Amino acid sequence: MAEALIFVLLMIDATIRVAAPLVLAAFAGMVAERSGVIDIGLEGKMLAGAFAAATAAAMTGSAWLGLIAAILVSIAFAMLHAYACVTHNGNQVVSGMAINILVAGLGPTLAIAWFGLAGQTPNLEGPARFAGFALPGADVLEALPLAGPLYKEVISGHNILVYLTVALIPVVAVLIYKTRFGLRLRAVGENPHAVDTAGISVAQLRYLAMAVNGALCGIAGAYLSTAAAAGFVRDMSAGKGYLALAAMIFGKWKPVPTVLACLLFAFADALQIRLQGVAIPGIGEIPVQAIQALPYILTVVLLAGFVGKAVAPKSSGIPYVKDR
Amino acid sequence: MSTEAPQPSKDGAGEDGPFKGPSAIEDRLPSELLAIATPAIELQGIDKRFGTVHANRAVDLKIGRASIHGIVGENGAGKSTLMKILYGYYQADKGRILIDGRETRIARPSQAIKAGIGMVHQHFMLVDNFTVLENLMLGAEGAFWIRGSFNNARGVLSQVSWEYGLEVDPDAVVGDLPVGVQQRVEILKILFRGAEIIVLDEPTAVLTPQETQELFKILKRLRAEGKTVVLITHKLQEVMEVTDRVTVMRDGAVAGTLNTADTNKRELAELMVGRRVVLRVEKTRATPGRPCLEVDQLTVRDESGTARVEDITLAVHEGEILGIAGVSGNGQSELIEALAGLRRIDAGSIRLRGQVVALPNAELSPADMRNLGVTHVPEDRLKMGLISAFDASESAILGYQGDRAYNGPLLSDRGKIVNHCADLMQKFDVRPPEPQWRSGAFSGGNQQKLVLAREIERDPILLLVGQPTRGVDVGAIEFIHQRLIEMRDAGKAILLVSAELDEILGLADRVVVMFEGKIVGELTAEEASPKKIGLMMAGVVGNGS
């Protein structure tokens with residue numbers, strides 16, 4: 001009994017850890033697309049953030065400086081995307097893809113040049129990483145039935161970026177629905193002409209949205225290399241950017257459903273790790289490759305069948321040109 | 001009719017409404033007084049080019065305070081450009097803008113809003129999935145947190161909408177509202193920002209006649225409150241009805257500014273086009289020959305099984321134009337599509353020169369109908385008439401692209417296609433005569449001329465034509481009407497569907513009126529009058545009563 005409870009709690013714990021960067025990236029995508037800019041470059045910006053965080057942390061020995069570097073580098077790529085797509089009305093998918101390809105090659109190349117390691121950054125230790133820490137009272141409360149283990153295993157023991165992500169969920173939701181910026185953001189993705197004639201600059205608003213997008217991607221990237229892992233490894237984002245995009249669509253560009261979608265995908269991922277090498281009664285051991293594909297299969301099935309009518313912001317992907 | 005009705009039923013006064021007494025004088029007084037005062041808007045030497053197009057040429061314009069000022073002109077005459085410059089949406093290359101006599105720099109819409117100018121654009125600038133209140137607030141939110149200003153706005157909205165008779169539900173989602181109400185939201189948006197000058201760009205294009213009357217009432221109310229209203233339109237009737245003064249634009253320049261009371265539709269039309277315009281086409285009596293198209297007890301149902309065309313029997317003879325009148329949506333579209341082979345029929349038959357071409361479950365395809373000599377000018381040129389992304393030359397062979405004349409042994413022959421298009425453009429005066437231009441780059445009238453050219457030049461025995469002059473300017477209307485009369489005189493049969501009563505009266509030799517899918521009456525050209533047809537269109541009077 002107690003064993004089963006611990007198993008469930010550990011699964012939830014793992015889900016939260018996997019979900020955190022997904023939520024950050026999905027929110028980044030949501031802010032961009034709500035402003036009318038399609039962002040397929042989440043993956044690239046996360047990876048760039050991961051590399052920047054690991055590099056800065058390795059050089060300075062501070063995970064916090066790593067986080068700041070990740071945010072700045074990721075914002076720089078977001079600005080590049082905005083420059084191509086907003087200022088020059090470029091194709092948003094092409095620009096996003098270009099960022100993904102550029103970063104996938106640039107990270108390992110710079111790592112080789114700077115550190116002489118095979119496309120990696122040095123292993124991070126101590127204050128150069130965001131380690132998990134126990135919340136006050138975790139050990140004292142452990143004795144309580146259910147609530148004790150729940151507090152210790154699920155709520156306590158994460159790294160600071162997980163708590164930051166949890167705090168950002170209401171912040172972003174409130175930003176979108178309760179503020180002037182949010183109202184304009186929602187409007188500009190639907191009908192930029194209405195925004196322009198209301199006396200608001202469409203370009204300025206989209207640049208601002210992309211800055212928020214870059215910052216969120218940067219935190220997600222730092223999470224990957226300085227919290228979840230201990231350094232940058234080639235292709236370490238492993239499709240999480242695309243998964244986040246799928247979660248955002250599944251969540252219909254709305255904060256709370258998007259978080260739930262991220263949790264679902266993260267749960268599939270946690271389950272996948274758990275099931276590796278485990279013999280399932282009646283079936284036997286499933287090949288690792290098949291199990292690893294689980295989250296992606298889930299994505300395809302959900303997006304194909306269960307999303308219902310996902311209505312994207314009407315003007316996302318369309319460069320704003322005055323005449324129509 | 002009751003005898004106590006005091007209004008004299010003189011038909012001659014119909015155009016200006018029954019009361020052309022004291023109220024008309026009151027209407028005119030303020031504008032005359034204010035002509036002396038400082039104008040609300042003064043434009044001096046406004047000049048604007050878009051690449052090679054000279055959209056505005058040194059435009060000077062004065063608009064008096066608390067007046068309704070009309071700006072008329074053909075499509076592409078530069079009226080919208082001029083107003084968008086006033087609104088800061090575009091910037092003039094040269095020229096000055098004076099608001100209340102003070103020179104004002106307007107480089108952005110936000111500066112125009114600050115100067116008290118608001119604009120209702122031809123395409124509404126509303127966010128469809130926002131509520132009325134959210135749309136109202138956009139750009140005028142005030143503080144960072146929107147809740148407080150939203151509650152404020154709700155109060156202001158109910159005050160303003162009561163004051164001007166513009167009632168809307170503040171929490172309704174805008175996309176769900178009918179266009180007439182959406183337009184109110186646009187006007188409210190402007191009033192909410194405290195505008196003193198209100199520019200409306202073709203506001204009636206999307207409205208029913210009743211909604212138009214409502215709008216005009218609102219505009220008069222705004223004028224009474226001291227607001228300055230600028231109305232851009234190409235409908236002369238509306239100018240005569242509601243404006244105090246009117247400026248006519250042609251080719252980007254001002255062709256004249258007149259007191260509405262001192263002018264008439266003919267004078268305005270001539271100023272617009274730059275030459276004499278025949279508002280009503282000259283034609284001789286028709287000499288109908290053999291029946292060309294015979295429709296017998298035709299019924300057409302839509303996808304949901306509702307009868308859109310019900311038990312219709314009619315015939316079109318060679319050398320006559322049969323006009324189908326009716327308020328849009330009473331089955332005319334379905335009828336013309338069934339005749340063109342685009343819809344299945346559910347009962348009855350269609351015969352062409354005695355030969356059966358459609359029975360239920362045995363209809364000929366549109367291509368077969370074309371081969372038999374039936375050509376079709378669809379009601380909506382952008383949806384069915386041409387493909388706006390295609391070159392004009394390609395749009396000019398749509399439906400006939402398989403014809404040997406445009407093809408080599410293996411590939412289509414570009415040279416022949418372009419020559420064919422150039423030929424059509426020359427015959428139908430399509431401007432500019434550029435076969436390589438995108439179809440969508442032409443003005444509505446020129447697109448329509450191209451579609452008509454394509455169908456008429458096939459030398460059909462029967463021409464089906466729907467709304468031939470919808471969204472087409474005065475000069476092109478005249479041209480199109482003349483071509484249709486010429487075709488008739490050449491012995492062709494023409495079936496004309498139009499929602500414009502003037503068009504039906506001007507062209508048709510016989511008029512059939514449709515209401516809710518049925519024919520409610522048939523009149524000869526001599527019998528037909530706006531009043532009779534109007535009543536039939538409303539379903540009030542049936543055949544013979």
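Results, tabulated for the structure shown:
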| item | result |
| --- | --- |
| Scope the stretch A:178-230; condition more than 9 Å from chain B (Cβ to nearest Cβ), of a type in the set (Phe, Trp, Tyr) and either closer than 30 Å to A:Leu124 by Cα or without any contact (Cβ under 8 Å) to a residue 40 or more places away in the chain (or both); matching residues | A:Tyr223 |
| Tabulated pairs, the stretch B:507-535, first at pLDDT 90 or above and in a strand (DSSP E or B), second surrounded by 19 or more Cβ atoms within 10 Å (Cβ to Cβ) and of a type in the set (Phe, Trp, Tyr), C-beta under 8 angstrom, 6+ apart or interchain | none |
| Complete set of residues in the stretch A:58-92 that are over 12 Å from A:Ala215 (Cβ atoms) and either in contact with a Ser or Thr (Cβ under 7 Å, 6 or more places away or on another chain) or surrounded by 19 or more Cβ atoms within 10 Å (Cβ to Cβ) (or both) | A:Ala58, A:Ala63, A:Gly66, A:Ala69, A:His81, A:Ala82, A:Ala84, A:Cys85, A:Val86, A:Gln92 |
| Qualifying residue in the stretch B:118-135 (condition: of a type in the set (S, T, N, Q), part of a strand (DSSP E or B), under 27 Å from A:Lys314 (Cα atoms) and modelled with pLDDT of 90 or more) | yes |
| Among the candidates B:Ala493, B:Ala528, B:Ala538, residue that is buried (at least 21 other Cβ atoms within 10 Å of the Cβ), under 24 Å from B:Thr208 (Cβ atoms) and in contact with a strand residue (DSSP E or B) (Cβ under 8 Å, 6 or more places away or on another chain) | B:Ala528 |
| Unmet requirement for A:Ala54, which otherwise passes all of (1) at pLDDT 95 or above; (2) assigned to a helix (DSSP H, G or I); (3) more than 17 Å from A:Ala131 (Cα to Cα) | (3) |
| Matching entry among B:Gly319, B:Gly341, B:Gly415, B:Gly329 (being without any contact (Cβ under 8 Å) to a residue 24 or more places away in the chain and on the phi > 0 side of the Ramachandran plot) | B:Gly329 |
| Within the stretch B:217-237, considering residues that are surrounded by fewer than 19 Cβ atoms within 10 Å (Cβ to Cβ) and under 17 Å from the mean Cα position of the chain (by Cα), the one nearest to B:Tyr87 (Cα to Cα) | B:Lys235 |
| Output for the stretch B:364-388, where each listed residue is surrounded by fewer than 17 Cβ atoms within 10 Å (Cβ to Cβ), in a loop (DSSP other than H, G, I, E, B) and modelled with pLDDT under 90 | B:Asp380, B:Ser388 |
| Selection count, the stretch B:46-80, where residues are modelled with pLDDT under 90 and within 14 Å of another protein chain (Cβ to nearest Cβ) | 6 |
| Residue list for the stretch B:139-197, filter: among the β-branched types (Val, Ile, Thr), farther than 19 Å from B:Glu214 by Cβ and more than 28 Å from the chain's Cα centre (by Cα) | B:Ile146, B:Val156 |
| Some residue of the stretch A:151-169 being surrounded by fewer than 19 Cβ atoms within 10 Å (Cβ to Cβ), assigned to a helix (DSSP H, G or I) and within 14 Å of chain B (Cβ to nearest Cβ) | no |
| Test for B:Arg250: is it among the basic types (Lys, Arg) and under 30 Å from B:Thr52 (Cα atoms) | yes |
| Answer residue from the stretch B:123-157, given it is more than 10 Å from chain A (Cβ to nearest Cβ), touching a helix residue (DSSP H, G or I) at 6+ places or on another chain (Cβ under 9 Å) and not hydrophobic (A, V, I, L, M, F, W, C) and is nearest to A:Val202 (Cα to Cα) among those | B:Thr131 |
| Of all residues making up the stretch B:389-434, the number that are hydrophobic (A, V, I, L, M, F, W, C) and not in a loop (DSSP other than H, G, I, E, B) | 8 |
| Subset of the stretch B:477-499 (residues that are within 26 Å of B:Gln401 (Cβ to Cβ) and in a helix (DSSP H, G or I)) | B:Ile480, B:Arg483, B:Leu484, B:Met487 |
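The values are calculated or read from the model by the stated rules, or taken from the named source; none is laboratory data. The model shown is predicted, which means the values in this text are computed figures rather than measured ones. Cβ: placed from backbone, ideal geometry, glycine included. Neighbour counts: every protein chain shown.
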